[in-house]
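Below: the structure, in structure tokens.
All of the numbers you see were taken from the coordinates with simple rules; none came from a lab. All of these numbers come straight from a predicted model, not from anything done at the bench. Ideal geometry is used to build each Cβ from the backbone, glycine not excepted, and the neighbour counts take in all protein chains shown.
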Amino acid sequence: MKRGELYRVYKGTSHDPKKFRVFVIVSRQVLIDSRFSTVICAPVYSSYDGLSTQVKAGIDEGLKHDSSIHCDELVSIPKTSLTNYIGALSHEKLRELDDALEVALGLR
């Protein structure tokens, strides 16, 4: 399990029409490799609004169609839920993710 990997996760909520959602791991690698049971992830949606907190993703990352990573909606997900590997971000996309996270978290 590595930072920048995409996983399809079962959400199991009855009020959400999508039972599965793709997430990207954004936690630092030290945390991922630790005994902590959760990692921080950003959801992937099919919509892209052009916000500075969104990163385009698509077929090159293992997705079926053009989508975007939404860094304004970070969640903590149990590592045990990250079993359905989809793909991984390139080094360039990881840099874009870092930029979007900086904006989303107000680090600039």
So, with points 7 Å from each Cα along the Cβ direction, the SER47-TYR10 label distance in nm works out to 2.7
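Dipole of segment 5-104, Cα-centred, from +1 at each Lys and Arg C-beta and -1 at each Asp and Glu C-beta, to the nearest 20 debye?
Values: 12 positive and 14 negative charges, 118 e Å.
So the dipole magnitude of segment 5-104 works out to roughly 560 debye.
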For segment 1-99, Rg(Cα) over 2.2 N^0.38 Å is 1.01
With Cα springs under 10 Å, the Gaussian network model of the chain assigns the largest mean-square fluctuation among GLY50, GLY58, GLY87 to GLY50
Farthest towards the positive end of the dipole of the chain, among SER46, MET1, SER68 and with Cβ unit charges of +1 on Lys and Arg and -1 on Asp and Glu, lies the Cα of MET1
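Using 0.36 nm times the number of residues separating GLU73 and ARG95, minus their current alpha carbon distance, what extension gain do you get? Could the numbers behind the result be given before it?
On the way: separation 22, 0.36 × 22 = 7.92 nm, distance 1.84 nm.
Here the answer is 6.1 nm.
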Most exposed first, judged by fewest Cβ atoms within 10 angstrom, LEU82, LEU63 run LEU63, LEU82
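Using helices alone, I'd like the mean residue ellipticity at 222 nm for the chain: each DSSP H run of four-plus residues gives -39500 (n - 2.57), total over residue count, nearest 500. Walk me through the intermediate numbers first.
On the way: 2 runs with 19 residues, N = 108.
Calculated mean residue ellipticity at 222 nm is -5000 deg cm²/dmol.
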